[in-house]
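The values are calculated or read from the model by the stated rules, or taken from the named source; none is laboratory data. Being a predicted model, the structure only gives us computed values, none of them experimental. We place every Cβ from the backbone using ideal geometry, glycine too, and count neighbours over all the protein chains shown.
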């Protein structure tokens, strides 16, 4: 099946590792050009630039596509503006946006500091709002029928039982925002869909799996933890022409945990 992604330009936020990395690889395998967004936060001691650069080189080598790393905190308007400017300058007009960047801190609701709650919302909800806003603004100006895939979570619908109420709240907000945006821009041919991944073997989930992998497996009807590629395959499909009649949808990729 031809997904018609060859030479399409995609931005993947949080693209340097874990699920984001698999999404970048999946898009590149179909011939897309990929802007790999990564976080550089000197104050927090985070710089994923080496990983992003290594991945860009791998994509260029393995799939003969253009790929570039671009630093930026998606919760900052200036960084989001620069992300799109640099992606367009180096690769061409952006047609696909995948909002994958997210954080998943652990604390019971009565123990969550307001600063931590705010930061979760800033990254997981405000970030996608800012990137979607910039993408849609550009597409409406140019007449491009772009496509957006936002990464949510089954916690958006079921809540959290493991100390992630702030994460669940951010992902529930992302679903409502995405559906509202999908309704607004559908007449212009712009599609907005979501993927709700289950527990996946990524660096973000490593500690939780180390402490209680069987706990998660027991809740999954398919009885296994997802690999990043399991999720990436669905994201790539939604970014393609094969999903041309889908918008405002949340696709359950939880091994049967969600079933909605």
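Among the residues of region 1-16, count how many are touching a helix residue (DSSP H, G or I) at 6+ places or on another chain (Cβ under 9 Å) and either crowded, with 19+ Cβ neighbours inside 10 Å or closer than 23 Å to residue 134 by Cβ (or both). Summing the residues that are touching a helix residue (DSSP H, G or I) at 6+ places or on another chain (Cβ under 9 Å) and either crowded, with 19+ Cβ neighbours inside 10 Å or closer than 23 Å to residue 134 by Cβ (or both) in region 1-16 gives 11.
Being touching a strand residue (DSSP E or B) at 6+ places or on another chain (Cβ under 8 Å), in a helix (DSSP H, G or I) and within 27 Å of residue 170 (Cα to Cα): is that true of residue 83 here? Spelling it out, residue 83 is indeed touching a strand residue (DSSP E or B) at 6+ places or on another chain (Cβ under 8 Å), in a helix (DSSP H, G or I) and within 27 Å of residue 170 (Cα to Cα).
The rows are residues; the columns are (1) in a helix (DSSP H, G or I); (2) without any contact (Cβ under 8 Å) to a residue 40 or more places away in the chain.
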| position | (1), (2) |
| --- | --- |
| 3 | no, no |
| 6 | no, yes |
| 10 | no, no |
| 15 | no, no |
| 19 | yes, no |
| 24 | yes, no |
| 28 | yes, yes |
| 31 | no, yes |
| 35 | no, no |
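With under 26 Å from residue 92 (Cα atoms), surrounded by 20 or more Cβ atoms within 10 Å (Cβ to Cβ) and touching a residue at least 12 places away in the same chain (Cβ under 8 Å) as the only criterion, which of 140, 181 stands out?
From the options 140, 181, the qualifying one is 181.
With respect to the conditions (1) in a helix (DSSP H, G or I); (2) buried (at least 17 other Cβ atoms within 10 Å of the Cβ); (3) at pLDDT 95 or above, residue 209 lacks only one, and its number is (3). For region 221-242, the condition holds for no residue, the condition being that it is out of contact with any strand residue (DSSP E or B) (no Cβ under 9 Å at 6 or more places or on another chain), closer than 22 Å to residue 20 by Cβ, outside any loop (DSSP other than H, G, I, E, B) and without any contact (Cβ under 8 Å) to a residue 24 or more places away in the chain. Among residues of region 178-199 being touching a helix residue (DSSP H, G or I) at 6+ places or on another chain (Cβ under 6 Å) and farther than 18 Å from residue 141 by Cα, the one that is modelled with the lowest pLDDT is 199.
Of the residues examined, residue 248 is not one that is within 26 Å of residue 3 (Cβ to Cβ), touching a strand residue (DSSP E or B) at 6+ places or on another chain (Cβ under 8 Å), surrounded by 14 or more Cβ atoms within 10 Å (Cβ to Cβ) and modelled with pLDDT under 95.
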